[in-house]
Amino acid sequence: METPPPRRRALITGITGQDGSYLAELLLGKGYEVHGVIRRSSSFNTDRIEHLYRDPHASGATMRLHYGDLVDGIGLREILTRVRPDELYNLAAQSHVRVSYDQPVYTVQADALGTMNLLEAVRDTGLATRVYQASSSEMYGKVRETPQTELTPFHPRSPYACAKVYSFWQTVNYREAYGMYAVNGILFNHESPRRGETFVTRKVTRAATRIKLGLQDKLFLGNLDAKRDWGFAGDYVEAMWRMLQRETPDDYVIATGETHSVREFLDAVFGQLGLDWNAFVEVDPKYFRPAEVDLLLGDPAKAKRELGWEPKVTFRALADMMVKADLELANRERVVAEAEGRAVGDKR
């Protein structure tokens, strides 16, 4: 009787985030043994991955969580030694651009030095682990050309973007200096119903659906003219996986090749709900960045050509998907409010 091939093992930092949860789903569906690194806190933050523990379609694959932090290099070495992953996806970060201005030192510690800790831990343990580094379109910042490709120079305009540029080049350096299989995925904005509620797309869909049901009156935003290349996070994690399956490591832009403004997203979301966003949205200067990034538009031609990857979910379908999910959430809020004997519009 033949011995079955060993199950591939993946380690995901930031597994409880939007991308981490979609990636864990993808890998479990492919039969991987999935391990995730989570930070210890006084409250649980595993809502996005709770369903994966009882997923009937996981083909017997397993998921395990380990406490750790990117700023703790010794702890990362211990996790790597225990898990011995075939693939490592570094998705953990302080990922909010505006917050990085308020917490620049922590952002650099987690997003820049944290990546260095991880790369050094892989090198030091001598494991033949393939490493994926989550890079960002924010690295282009004050763009030198449009659309942006893998060869477009970086001009970061936030502490977050500067930290990501450092991590990008360290990943390239470890690949070239030590022969490590390490790649950068330069992902443009990617959204979903699991997006954090402080990010503009989710902030819009949460507010619009609550306004529709009388649970909220106004939505305050910053720069409505900012243009972004928005895709679906579930599509983008497949590109991450495909990068680590190639024989030779390389870096890739992952994007839709389309750009839309915040105003266009408001049109799509409020329009689906039969509302005019102009009646509910107000601009608040406190949400503007000290240095704005006005336009980001990626060219995914290399990913299409070499990875066979293309986005499946359109801008309109993404907005519809997020509205549908948040409308269900707002309906549950309304039921709770009514059960507690409060008027729907009562903000107590």
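The values are calculated or read from the model by the stated rules, or taken from the named source; none is laboratory data. None of these values were measured; they are calculated from a predicted model. As a convention, Cβ positions derive from the backbone with ideal geometry for all residues, glycine included, and neighbour counts pool all protein chains shown. Note: areas computed on protein heavy atoms with side chains; ligands, DNA, RNA excluded. Shrake-Rupley method; radii C 1.70, N 1.55, O 1.52, S 1.80 Å.
Annotations for the structure displayed:
- Global geometry of the chain, whether rounded, prolate or oblate, following the gyration tensor of its Cα atoms and the 1.5 cut on a/c: prolate
- The heavy atoms of R39 offer some 140 square angstrom of accessible surface to a 1.4 angstrom probe.
- Prolate/oblate/rounded call for region 214-348, Cα gyration tensor, a/c under 1.5 rounded: prolate
- When DSSP beta bridges are restricted to pairs lying wholly in region 143-284, around 20% turn out antiparallel.
- Accessible surface computed residue by residue for the chain, with neighbouring protein chains in place and a 1.4 Å probe, gives 46 Å² per residue.
- Pairs of Lys in the chain closer than 20 Å at Cα, counting only those 8 or more apart or on different chains: 18
- About the Cα centre, charge dipole magnitude for the chain (Lys/Arg +1, Asp/Glu -1 at Cβ), debye: 440
- Rounded to the nearest 5, the antiparallel percentage of DSSP beta bridges internal to the chain is 5%.
- Principal axis analysis of the Cα atoms in region 302-343 yields extents of 58, 16, 9 Å, listed in decreasing size.
- Sum of -39500 (n - 2.57) over DSSP H runs of 4+, divided by residues of the chain (222 nm, nearest 500): -12000 deg cm²/dmol
- Fraction of accessible area attributable to carbon and sulfur, region 200-277 (%, probe 1.4 Å): 44
- Cα pair distances in region 57-194, grouped into 5 Å bins until the bin that holds the longest one, percent each: 2, 10, 18, 20, 19, 15, 10, 5, 2, 0
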